[in-house]
Amino acid sequence: MDFKQIEAFINVVRYKSFSKAADATFFTQPTISTHISNLEKELGIKLLDRKGRTVEMTPQGSIFYKYAVEMVNARSQAIDALGNNLDLVEGILELQTSSIPGLVFLPEKLSGFRKMYNNTRFYVALSDTDTVVDNIINRRGEIGFIGVNPSNPSIESHRIFTDKVVLLAPKSYGIKNSITLREAVRYPFIWRETGSATRKSFEDAALKLGFDKSSFDIAATFNDFDVILRSIEEGLGVSIISSKTAEIMANDKLQIVEISDFDKEREFYMITLKNSSLSPVGQAFKEYVINGME
C-alpha cells in the first residue's frame, strides 16, 4: 500500500467519479483505476461500488476512508514539520458548508486565502447544516460551516459571523417593509429542507410566539436555494432567509420584509473534528479564518 493509492481512493470518494478525480489530480483515469484496483487487491476487500456514472463507498470503504484521510493528513504534517517549511501550503482542501455561509462568507475567504497560497485548490460541497455535521464527523471534509453551534462533543466550533432572518417576498404581493409574524402567516410559505438551521431557528421562534407548523400555509418545500428564489420571483410564496443572503439576491422582483417581532440574530460557525489531524492546508485555512475574526 502506498500513498498514491490512498490519495486516489480519497479523491474518487471526494468527487464520486474516477474521471473527475483524474481531472482534479492531473492523473489519467486508467492510472486512478489502477491505483484503486491495486489497493483493493492488497487489502482484500472491495472499497468502491460503481453505480452508473457515480461511485459510492462500500461499508468497508467507509471504514477505511476515515483512516485513509488521517494517514494522508498525518503524512503531510510530518513532511511539513521535518522540512520546517511552514510557508509551503498547497493541495486540495475539502470543505462542507450550509447554504448561507457558502454564499455570503466563504467566497471572500477562499479568494483571500488563495491569493496567499496560490497552489491550493478547494472542493466545496453545499448541503444543509445536519448533513454538514454528519459529513465532518465521517471525515467527508476537513472543515465545515454551519448556522448553529453543534452540541456534538466530537465537534470543535468557532463563531464566524452573525446575521438576522428576514422574509423574502415577491414584490407583486405589495407587502409593507415591516410586518408582524401574525401578518406573515397569512401568506403562502416556501419552506427550506428539514435539515436547514434557518428553518429550525424560525420554527422555534414562531412556536414561542404561539405559531406552530400548522399555522403556516406551506406552498412548497425545496432543498435547492436557486429554485426557492425563482419560486418567490414567480409569486409562489414567501420564504424565511438570511438578511445577508437576501441583500445579495435582491432584484426588482423581490422584496425584503422585516418581521418586527422576530429580530433575533443567528450565529454561524466553523467546525472541525476534535482530536483529528488537519492537513497543512486545512490547518492554515482554519487559522486564516480565525485570525480574520479577531
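No lab work stands behind these numbers, since they all come straight from the coordinates. Please read these numbers as outputs of a predicted model, since none were measured by experiment. For neighbour counting, all protein chains shown are included, and Cβ atoms are generated from backbone atoms with ideal geometry for every residue, glycine included.
Here the Kirkwood formula, the inverse mean of 1/r across different C-alpha pairs, assigns the chain a hydrodynamic radius of 21.1 Å.
For 97, 272, which order do you get if you count the other beta carbons within 10 Å of each Cβ and list the fewest first?
Fewest-to-most ranking of 97, 272: 272, 97.
Pull up the cross-link candidates among the lysines for residue 176, meaning alpha carbon to alpha carbon under 18 Å and not fewer than 8 places away within one chain. Counting by Cα, and skipping residues close in sequence, residue 176 has these lysines nearby: 253. Sorting 31, 194, 245 from the fewest to the most surrounding beta carbons within 10 angstrom yields 194, 31, 245.
Starting with the fewest neighbours, write out 25, 34 ranked by other beta-carbon atoms found within 10 Å of each beta-carbon.
With the fewest neighbours first, 25, 34 line up as 34, 25.
Determine the shape class of the stretch 26-135: with a ≥ b ≥ c the square roots of the Cα gyration tensor eigenvalues, call it rounded for a/c under 1.5, and otherwise prolate if a/b is greater than b/c, oblate otherwise. Verdict is oblate for the stretch 26-135. Classify the stretch 164-264: rounded, prolate or oblate, from the alpha-carbon gyration tensor (a ≥ b ≥ c, eigenvalue square roots; a/c under 1.5 rounded; otherwise prolate if a/b is larger than b/c)? Taking the square roots of the gyration eigenvalues as a ≥ b ≥ c, the stretch 164-264 is rounded. Label point of residue 46 set 7 angstrom out along Cα-Cβ; within the stretch 1-40, amide nitrogens under 14 Å from it belong to 37, 40. Go through 16/264; 46/286; 200/274 and tell me which ones have a Cα-Cα distance over 29 Å in this structure. Among 16/264; 46/286; 200/274, the Cα-Cα distance tops 29 Å for 16/264; 46/286.
DSSP finds beta bridges in the chain, and of those with both partners inside it, around 55 percent are antiparallel.
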